[in-house]
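The values are calculated or read from the model by the stated rules, or taken from the named source; none is laboratory data. Keep in mind that this is a model prediction, so the values were computed, not measured. FYI the Cβ positions are ideal-geometry reconstructions off the backbone, even for glycines, and counts take in every protein chain you see.
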């Protein structure tokens with residue numbers, strides 16, 4: 001996936017119509033993804049968009065953060081190449097990375113991440129209410145990977161929460177050009193709804209972050225398990241420069 005690259009644009013409905021009209025004038029079709037947000041990350045998809053209802057589909061509980069965010073009600077356009085059309089700000093850029101973390105949190109540190117006041121304040125009420133079917137989903141993946149440790153759904157859920165918390169209030173990060181670069185604190189089975197970090201619903205304030213695809217993104221977007229991707233945000237980088 002070293003050549004992998006995606007350009008992601010958040011727009012309101014008015015701007016979305018203008019962008020689609022501009023693409024149609026150039027005979028570029030803009031298909032939608034109706035139920036599973038991470039599918040727009042497939043390398044084979046040249047371009048696609050997510051309308052707000054897509055976040056109420058297959059991953060409704062896991063993507064409930066979208067409905068609590070300032071992205072709620074907005075459209076997301078994801079392309080394999082930059083879009084040279086009006087009404088678009090600088091994109092979120094996702095690319096392959098050879099990043100490897102120096103270390104990952106131990107169980108006590110995972111619990112500390114989840115206790116973060118910022119995380120607890122932003123957490124949607126639905127987040128802590130998994131459907132029993134999710135247990136079966138994760139257990140099948142867990143057993144397929146022939147993990148040596150016993151399956152523990154509560155441990156997985158706690159890691160999911162800690163991972164999001166680390167992009168809200170980072171405790172595990174590297175420094176790059178004077179800025180924090182938070183990273184996913186576990187492998188693919190132990191992270192959830194990575195689309196939130198890929199698309200800046202969580203962690204928008206960081207110019208760079210390193211994100212591991214969740215099991216959903218592995219299954220539906222065909223991203224490689226346990227591999228980090230670099231997510232760059234020009235607006236956050238500009239904000240940091242202005243502060244300096």
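Laid out as a table, the results:
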quantity: Qualifying positions in region 148-184 - more than 17 Å from residue 120 (Cβ to Cβ) and surrounded by 24 or more Cβ atoms within 10 Å (Cβ to Cβ); calculated: 182, 183, 184
quantity: Residue tally, condition touching a helix residue (DSSP H, G or I) at 6+ places or on another chain (Cβ under 7 Å), part of a loop (DSSP other than H, G, I, E, B) and over 21 Å from residue 74 (Cβ atoms), over region 185-206; calculated: 4
quantity: Hits in region 6-24 (condition: assigned to a strand (DSSP E or B), out of contact with any helix residue (DSSP H, G or I) (no Cβ under 7 Å at 6 or more places or on another chain) and closer than 20 Å to residue 65 by Cα); calculated: 8, 9, 10
quantity: Condition check for residue 181: under 20 Å from residue 94 (Cβ atoms), without any contact (Cβ under 8 Å) to a residue 40 or more places away in the chain and outside any strand (DSSP E or B); calculated: no
quantity: Pairs, first more than 18 Å from residue 194 (Cα to Cα) in region 149-165, second surrounded by 23 or more Cβ atoms within 10 Å (Cβ to Cβ), C-beta under 9 Å, six or more apart; calculated: none
quantity: Some residue of region 69-91 being modelled with pLDDT of 95 or more, part of a loop (DSSP other than H, G, I, E, B) and within 23 Å of residue 162 (Cβ to Cβ); calculated: yes
quantity: Hits in region 139-148 (condition: in contact (Cβ under 8 Å) with a residue 24 or more places away in the chain and assigned to a helix (DSSP H, G or I)); calculated: 141, 142
quantity: Residue among 108, 136 that alone is loosely packed, with under 12 Cβ neighbours inside 10 Å, part of a helix (DSSP H, G or I) and at pLDDT below 95; calculated: 136
quantity: Any pair with Cβ under 6 angstrom, 6 or more apart, that starts in region 71-86 at a residue that is in contact (Cβ under 8 Å) with a residue 12 or more places away in the chain and ends at one that is in a loop (DSSP other than H, G, I, E, B) and loosely packed, with under 13 Cβ neighbours inside 10 Å; calculated: 74/12
quantity: Single residue of 3, 27 found to be assigned to a loop (DSSP other than H, G, I, E, B), loosely packed, with under 15 Cβ neighbours inside 10 Å and on the phi > 0 side of the Ramachandran plot; calculated: 27
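Residues checked against (1) part of a loop (DSSP other than H, G, I, E, B); (2) on the phi > 0 side of the Ramachandran plot; (3) more than 14 Å from the chain's Cα centre (by Cα):
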{"residue": "155", "(1), (2), (3)": "no, no, yes"}
{"residue": "159", "(1), (2), (3)": "no, no, yes"}
{"residue": "209", "(1), (2), (3)": "no, no, no"}
{"residue": "224", "(1), (2), (3)": "yes, no, yes"}
